[in-house]
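The structure under discussion appears below in the form of structure tokens.
Read-outs: derived from the displayed coordinates by stated rules, not from any lab. From a predicted model like this one, the values you see are computed outputs, not experimental measurements. Because the Cβ atoms are built from the backbone with ideal geometry, glycine has one as well, and the counts that use them run over all protein chains shown.
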Ligand code: NAP
């Protein structure tokens, strides 16, 4: 798995968009890919938060709310006008929690909660991928990284005695299992692209009320690695930092 040599960006570098990159794992991924020489676009639903994050990293920014078709289309038009895209990291995600940061389990989950979670994690991933596909198809080395979760693994959540088995939530793991299936189907449809799902691991970010046990540096490791896949790298897979995960 060596680095790509895409040359789509206006500066002759690999052009990379990371959704939800104004903080957390997306921000850390942006930091590392800027250091690796990519032209990075920080996708942020709040333009000002995106501007501040991009300024800190020497990156570019684009306003992009994955639940808003118009904002996604405008972002695609702006990046196309700027020169195009080689790497898309679908990172924006939510995990709705209840009072005291409690995971919302089967007794409380509602169709509305499912819809809200899927709107960002699932439909957002498809909305952004669909909008950027024409740009990616013009890249010499197109790469898509879908930020999934270990909680998406049907094998793992059905293995008693593991933290994933014990996790009581419904909406979030269901949404990430859908992200895994989307990854597989896109990878089969576009064999010329490297399209993979990744599990960062339980990482301290706002998503989980900063209860995660890893640092963002550790969590971003697999995202950064898969964003830099060469055209002979794997596609249609599901990985954490230690290697392939069981579906
Ligand atoms: P985070 O710190 O809460 O960051 C989430 C990012 O997504 C923020 O930039 C947020 O923007 C953005 N976002 C949310 N809804 C959005 C929307 N509709 N449009 C655009 N951006 C939106 O969480 P994180 O832990 O870094 O999460 C990043 C990804 O890793 C998620 O897909 C998550 O499911 C996944 N993941 C995390 C862990 C973990 O333990 N942390 C484990 C496995 C997988 P705002 O600042 O505007 O809210």
Extension gain (nm, one decimal) between residue 111 and residue 46, 0.36 nm per residue minus Cα-Cα: 20.7 nm
Peptides 135-142, 92-99 ordered by average Cβ neighbours within 10 Å, highest first: 135-142, 92-99
Cα-based helix-to-principal-axis angle, 47-57 vs the chain, degrees rounded to 10: 70 degrees
Cα-based Kirkwood hydrodynamic radius, the chain, one decimal, Å: 17.8 Å
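When a footprinting reagent is the concern and you count Cβ atoms within 10 Å, what order do 190, 132 take, fewest first?
190, 132
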Helix 216-227 axis, angle to the chain major axis (alpha carbon atoms, nearest 10°): 50 degrees
Extension gain, residue 208 back to residue 103 (0.36 nm per residue minus Cα-Cα distance, nm): 36.9 nm
Convex hull volume of segment 9-150 per residue (C-alpha atoms, cubic angstrom): 120 Å³
Acute angle (nearest 10 degrees) that the helix 124-137 long axis makes with the longest principal axis of the chain, alpha-carbon atoms: 20 degrees
C-alpha center-to-center spacing [segment 200-220, segment 90-146] in angstrom: 17 Å
Label point distance in nm, residue 188-residue 78, each placed 7 Å from Cα along Cα→Cβ: 3.6 nm
